[in-house]
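Asker: Here it is, the structure, as structure tokens.
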Amino acid sequence: MIGKELIGLESEPVLLKIRPEVVQRFAEATGIPFDERVPPTFVGTLMQANIAGLELPIIGLIHGEQKFTYYRQLYLGDSVTYKRRINDVYERVGKLGNMTFMVLETTGYDLMGELVFSSSSTLIAPEKGENV
Amino acid sequence: MKRLVQYEVSDRLPVRKWVPNDIQIRQYAEASGDFNPIHLDDNYARLAGLGGVIAHGMLTMAQMAAMLTDWMGKEGELSKFNVRFEHMVRPGDTIKCSGYIRERSENTLVCDLEALNHKEERVLSGLALITIQL
């Protein structure tokens with residue numbers, strides 16, 4: 001169930017060292033070449049930071065939009081601290097009827113506390129996101 | 001080969017073709033940790049009203065990213081990368097990622113992006129902001 005009461009919920013920060021073998025597995029699975037630079041969409045897989053009160057996946061939930069802003073290039077072996085937050089929940093009438101939109105933001109910082117990337121995912125649930 | 005700094009408004013980017021299959025989608029689920037059954041279980045995906053399994057949007061976005069990074073090499077860095085998933089991508093589809101330069105300043109390129117399937121349906125549209133490493 002997704003509702004406005006979820007807005008503002010956030011995860012604890014998670015510290016992650018970007019291990020070369022994990023990036024390699026990601027690159028091989030996607031079929032893309034990589035070097036010492038972390039592929040752009042890899043940070044989209046940083047979902048281990050659970051938001052208490054939000055249970056995913058929800059049946060029928062689809063990924064509508066994805067935005068990344070990179071403040072600097074990430075390299076293999078870098079450490080990032082990231083957290084996730086529910087930035088918005090809103091309803092809109094679309095071609096499939098009433099839809100609920102949820103905007104999840106992930107922000108990543110380096111060890112100095114400098115912002116490295118931010119990511120915004122818009123997830124769309126039919127009805128009110130109730131299980132069918 | 002044309003350098004990144006030589007690209008001008010309306011120039012096209014090199015195209016990337018991609019044909020997803022079930023094995024790749026499963027590998028992507030494992031590599032990304034996104035095990036939503038709409039990507040893995042055909043029956044489940046049908047019951048969810050999708051008509052069968054669909055590829056992860058993020059897997060399609062990764063192909064678009066690969067088109068950009070192959071093209072830029074070390075001459076550019078991505079500063080913004082935004083996409084909208086407009087249509088479902090299924091195993092066996094032929095997806096063509098393309099783009100062109102919409103705006104440019106001395107060290108910045110703004111690219112319009114789109115990915116079409118073999119039925120000419122747009123599965124993804126987007127924008128990339130690239131900083132040229134001068």
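Asker: Which of the numbered conditions does A:GLU21 fail, given that it passes all the others? Conditions: (1) assigned to a loop (DSSP other than H, G, I, E, B); (2) more than 21 Å from B:GLY126 (Cα to Cα).
Answerer: (1)
Asker: Residue check: is A:GLY97 over 16 Å from B:PHE85 (Cα atoms), modelled with pLDDT under 95 and open to solvent by less than 60 Å² (accessible area, probe 1.4 Å)?
Answerer: Yes; evaluated as a whole, the condition is true for this residue.
Asker: If a residue must be part of a loop (DSSP other than H, G, I, E, B), surrounded by 14 or more Cβ atoms within 10 Å (Cβ to Cβ) and of a type outside the set (Gly, Ala, Ser), how many such residues does region A:24-39 contain?
Answerer: 4
Asker: Looking at region B:45-62, is at least one residue within 11 Å of chain A (Cβ to nearest Cβ), in a helix (DSSP H, G or I) and modelled with pLDDT under 95?
Answerer: Within region B:45-62 (the criterion being within 11 Å of chain A (Cβ to nearest Cβ), in a helix (DSSP H, G or I) and modelled with pLDDT under 95), the answer is yes, since at least one residue qualifies.
Asker: Identify, by number, the condition in (1) of a type in the set (A, V, I, L, M); (2) at pLDDT 90 or above; (3) closer than 22 Å to A:GLU12 by Cβ that A:ILE124 doesn't meet.
Answerer: Only one criterion is unmet by A:ILE124, namely (3).
Asker: Inside region B:12-62, can you point out the residues that are at positive phi and in contact with a helix residue (DSSP H, G or I) (Cβ under 8 Å, 6 or more places away or on another chain)?
Answerer: Answer for region B:12-62, where residues must be at positive phi and in contact with a helix residue (DSSP H, G or I) (Cβ under 8 Å, 6 or more places away or on another chain): B:GLY33, B:GLY51, B:GLY52.
Asker: Six or more apart or on different chains, Cβ atoms under 8 Å: show the pairs whose first residue is in region B:1-21 and over 18 Å from B:LYS96 (Cβ atoms) and whose second is in a helix (DSSP H, G or I) and open to solvent by less than 80 Å² (accessible area, probe 1.4 Å).
Answerer: B:LEU4/B:TRP71; B:LEU4/B:MET72
Asker: Restricting the search to region B:69-84, which residues are under 19 Å from B:LYS17 (Cβ atoms) and either away from chain A (no Cβ under 11 Å) or crowded, with 24+ Cβ neighbours inside 10 Å (or both)?
Answerer: B:TRP71, B:VAL83
Asker: Looking at (1) farther than 25 Å from A:GLU5 by Cα; (2) open to solvent by 20 Å² or more (accessible area, probe 1.4 Å); (3) more than 14 Å from every other protein chain (Cβ to nearest Cβ); (4) at pLDDT 95 or above, can you tell me which one A:LEU111 breaks?
Answerer: Looking at each condition in turn, A:LEU111 falls short on (4).
Asker: Further question: Mind listing whichever residues of region A:6-20 are out of contact with any strand residue (DSSP E or B) (no Cβ under 8 Å at 6 or more places or on another chain) and open to solvent by 100 Å² or more (accessible area, probe 1.4 Å)?
Answerer: Of everything in region A:6-20, just one residue is out of contact with any strand residue (DSSP E or B) (no Cβ under 8 Å at 6 or more places or on another chain) and open to solvent by 100 Å² or more (accessible area, probe 1.4 Å), namely A:ARG19.
Asker: Hey, does region B:33-42 have a residue that's crowded, with 19+ Cβ neighbours inside 10 Å and in contact (Cβ under 8 Å) with a residue 24 or more places away in the chain?
Answerer: yes
Asker: Follow-up question, since we're still on this one. Across region A:40-75, what is the number of residues that are small (Gly, Ala, Ser) and either free of Cβ contacts under 8 Å to residues at least 60 places away in the same chain or open to solvent by 50 Å² or more (accessible area, probe 1.4 Å) (or both)?
Answerer: 3
The values are calculated or read from the model by the stated rules, or taken from the named source; none is laboratory data. From a predicted model like this one, the values you see are computed outputs, not experimental measurements. With ideal geometry, Cβ positions are generated from the backbone for all residues, glycine too; neighbour counts draw on all protein chains shown. With ligands, DNA and RNA removed, areas are computed over all heavy atoms of the protein, side chains included. Shrake-Rupley method; radii C 1.70, N 1.55, O 1.52, S 1.80 Å.
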